[in-house]
1. For a paramagnetic label modelled at 7 Å from the Cα of B:Leu168 toward its Cβ, which residues of the range A:112-150 fall within the zone defined by backbone nitrogen distances under 12 Å?
2. When only Cα pairs under 8 Å and 6 or more residues apart are kept, what is the percent relative contact order across the range A:8-167?
3. Say we join alpha carbon atoms closer than 10 Å with springs in a Gaussian network model of chain B; which of B:Ile191, B:Ile37, B:Ile24 then has the biggest fluctuation?
4. At a 1.4 Å probe radius, which order do A:Met13, B:Met85 fall into by accessible area, largest first?
5. Hydropathy first: keep DSSP H helices in chain B averaging at least -1.0 on Kyte-Doolittle, then drop any whose Cα extent along the axis falls short of 24 Å, and list what survives.
6. State whether chain B is rounded, prolate or oblate according to the following rule on the C-alpha gyration tensor (a ≥ b ≥ c being the square roots of its eigenvalues): a/c under 1.5 gives rounded; otherwise a/b larger than b/c gives prolate, and the remaining case gives oblate.
7. In nanometres, what is the gap between the two model label sites at A:Arg87 and B:Asp217, each 7 Å from Cα along Cα-to-Cβ?
8. Starting at 0 and stepping by 5 Å, how many percent of the alpha carbon pairs of the range A:22-167 end up in each bin?
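The values are calculated or read from the model by the stated rules, or taken from the named source; none is laboratory data. Not measured: the values here are computed from a predicted model. All Cβ positions, even for glycine, are placed from backbone atoms using ideal geometry, and neighbour counts span all protein chains on display. Side chains are part of the model used for accessible areas, which takes the heavy atoms of the whole protein and leaves out ligands, DNA and RNA. Shrake-Rupley method; radii C 1.70, N 1.55, O 1.52, S 1.80 Å.
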Amino acid sequence: MNRLPWWMGGILMSGLLLLTFSIYGADRPIGASTYVPYFAGIIFDLDPEKYSYLKHIANPGAWEGVMLFGALFGGFVTSVFITKSFRISLIPTGWQKYKNNSVVSRLLWSFFSGFIMIIGARLAGGCTSGHFMSGMSQMAISSMIFGTVVLIVVIVTGRLFYNVKEK
Amino acid sequence: MQVVVITEGEDILSRIAQMFENVIHQGHGSLALVFLIGIIFGGIIQYTRVDKFEKIAGFAMLKDTIVPKMLFLAVGLTSIGLYFMIEAGGAHYHIKPIIWQGLVIGGILFGISMAILGKCPGTGPVSIAEGRIDVLIGAIGGLLGGLVFTLYYDDFFKPLMGESAGKLILTEFFPGHEHLVVLIFGIVVSIIAVVIPKKELFDEADLAQLPEDERPDRKQA
């Protein structure tokens, strides 16, 4: 078995969310975008005392930073030993099929989308993990607003950006 | 066990050490547990293959529905379990505020980038861990995005987000019927997960690395 079916993934993810929320676990939601400005602060050597945002995210940023190290480790081990999908690659097969064959184009778009992704997530106060999974699980209205906007925009962008019709 | 505490220093290594130290003291699970949560998180994402470009960008093209199916099921199941855990005192709410401008502008930027990059901030690192250099470049873009956000937070981004309209959850609209609302929400969301038609976009380059009898595209045929 080299991949789990979607329903097993959903059940396991639900178990992980409940463990994380539980007071016997971490007593907080799962989040995965606050670590980015947190690491940006470390890498670009910003003084946390000088920037209000770094002060604001000091605790969640550190928590997610440690979780990120775990996710990198877990993802790497699983890709090498279980899914056997580890390989160095510059351009996804789907990009070649539905966009173009240019590595430069893929890398430039990656850079650009990574840039606005983090700004978007931080403006909204969460991402797929923090808003969609953790927020909607708490039935938070804010997360439902975010989730609806994202779902619509993802589908519209997909239609406009890729050559959907090809094959 | 000897605990080495490094509170001094502003170089990268000291600040990484301070990060670990912070997690030890902030009371949201032990360091080992937080790391373990990350391992399981990365493991689930990798094992279900939702970190692949073909999953999220494939969903944007409506050629793959694994990500929404898995997300909706996780939300449906968790919402019911979590509500009763909170009722029993085993967990707390951590609701994000309704900041209309931030949610809508942020959602638009996030949606565009998710469709183009084919990742989100949770699946991206898992993708990097399996050797995807294009996503690493995306992460560098993300770090610069985080830098710009931090630098101009007070002057630009905070006013852009607008005022918070408070924290609301669905059950508050139906006082007296909370349990019913939770059950209906959880069940409806789970049913949505099941009824979304299952579509899969496969990546030949990945499948080619597997033995013939383990290929998921062959099994379905």
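1. A:140-145
2. Reported relative contact order: 23 percent.
3. Comparing B:Ile191, B:Ile37, B:Ile24 in the GNM, the peak value goes to B:Ile24.
4. Details: A:Met13 5, B:Met85 45 Å².
Largest accessible area first, the list is B:Met85, A:Met13.
5. Once both thresholds are applied, what remains is B:31-48, B:66-87, B:100-117, B:133-151, B:178-195.
6. rounded
7. 1.2
8. It works out to 2, 8, 12, 16, 17, 19, 15, 8, 3, 1, 0, in whole percents.
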